[in-house]
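The structure under discussion appears below in the form of structure tokens.
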Amino acid sequence: SFDWAASIKDDFAQLQSDLLKIIEERGGQLKGYFSEDVSNDASKWHTLAFKTWGIDVKSNLKKSATITKWLNKHPEVVSCSVNILNPGADIKEHQGDTDAIFRCHLGVEIPDGDLAFCVNDEARKWKEKEILIFLDANSHKAWNRTEERRVIFLFDVIRPEFIGKRRRICLNVRAFLLLQYTAAIFKWFRKWPKWTHKIAFIKWKLFLWGIYPIQKLTGTIIKHT
């Protein structure tokens, strides 16, 4: 019943072709997910972003006119990426960074066998050309115990009741992701008192607010290649 869901499914064949071509050009390798809180093995879960919390990844968007056209048509979509879950992957139970979005998984290449996605104890299998929609703030996990990779198109949509706060929500999440990235690089930072984490979050948020006009023109700062 959502316009953004119907339109991406209408263009599914071209989207699937674009994504599989990108993966093939990269030798089947995308960018390993960095969080040890979610996965112990970065080789099992790979992702490549086209848009991340309101900021375009221009170098990657150039590779898919389909995604670019869809994003321009639906500004409520604030993030999107292609994600690979390799054989043997087991993603730990975790929660997302905001309850103001619908997180969506569109099946692109789904093998048969034991693989599933579980939200609050409800497990479902991905299906090609079908969208799983859930609240990212709920606890969720995933696994792939087949012999083949699973490929999805993941995207985040601001819920209608929060659309007026879209920029603020994206800024908060980007600042929190940078805080997580800091903790992943500097292990000692995790041991610091919580109040220091709050100060670091505020500083990241002010920094991102200051460079927002530049990012809207140039795209992301951290490389997503």
One point scatterer per Cα, no solvent, Debye formula: log10 I(q)/I(0) for the range 88-133 at q = 0.22 Å⁻¹ comes out as -0.94
For the pair ALA13 and ALA137, the simple spin-label estimate (label points 7 Å beyond Cα toward Cβ) gives in nm 4.1
Listed by chain and number, the residues whose amide H is under 5 Å from that of LYS51, excluding neighbours fewer than 5 places away on the same chain and using placed H, are VAL57, CYS80
For ILE163 the rounded accessible area (nearest 10 Å², probe 1.4 Å, non-protein molecules ignored) is 80
Over the range 48-136, the quotient of the Cα radius of gyration and 2.2 N^0.38 Å is 1.17
Inverse of <1/r> over all distinct C-alpha pairs of the chain, i.e. the Kirkwood Rh in Å, gives 18.2
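With an 8 Å cut-off on Cα pairs and a minimum separation of 6 or more residues, tell me the relative contact order of the chain in percent.
Here the relative contact order equals 22 percent.
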Ranking ALA123, ASN83, GLY96 by how far each Cα lies towards the positive end of the charge dipole of the range 81-131 (+1 on Lys and Arg Cβ, -1 on Asp and Glu Cβ), the top one is ASN83
Probe 1.4 Å, all chains present, heavy atoms only: CYS104 accessible area in Å², nearest 10, is 0
Going residue by residue through the range 24-31, the Karplus relation 6.51 cos²θ - 1.76 cosθ + 1.60 with θ = phi - 60° gives ³J(HN,Hα) values, rounded to whole Hz and with x marking Gly or Pro, of 4, 4, 9, x, x, 10, 10, 9
Expressed in nanometres to one decimal, the distance between label points 7 Å along Cα→Cβ at THR196 and LYS63 is 3.8
The answer for the longest stretch of the chain without any exposed GluC sites (Glu not before Pro) (DSSP loop, at most 15 further Cβ atoms within 10 Å) is 37-129
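Hey, what did the range 62-181 get for relative contact order, percent, Cα under 8 Å, at least 6 apart?
Numbers: 224 pairs, mean separation 44.1, N = 120.
Once divided by the residue count of the range 62-181, the mean separation gives 37 percent.
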Two pseudo-spin positions, 7 Å from Cα along C-beta at ARG159 and at ILE185, lie apart in nanometres by 3.3
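How much mean residue ellipticity at 222 nm does the chain get from its helices, if each DSSP H run of length 4 or more adds -39500 (n - 2.57) and you divide by all residues, to the nearest 500 deg cm²/dmol? Can you show the working numbers first?
Values: 6 runs with 80 residues, N = 225.
Calculated at 222 nm, the ellipticity per residue is -11500 deg cm²/dmol.
The values are calculated or read from the model by the stated rules, or taken from the named source; none is laboratory data. These numbers were taken from a predicted model, which means no experiment stands behind them. So basically every Cβ, Gly included, is an ideal-geometry build from the backbone, and we count neighbours across all protein chains shown. The protein model used for the area step is the full one, side chains on, heavy atoms only, and it has no ligands, DNA or RNA in it. Shrake-Rupley method; radii C 1.70, N 1.55, O 1.52, S 1.80 Å.
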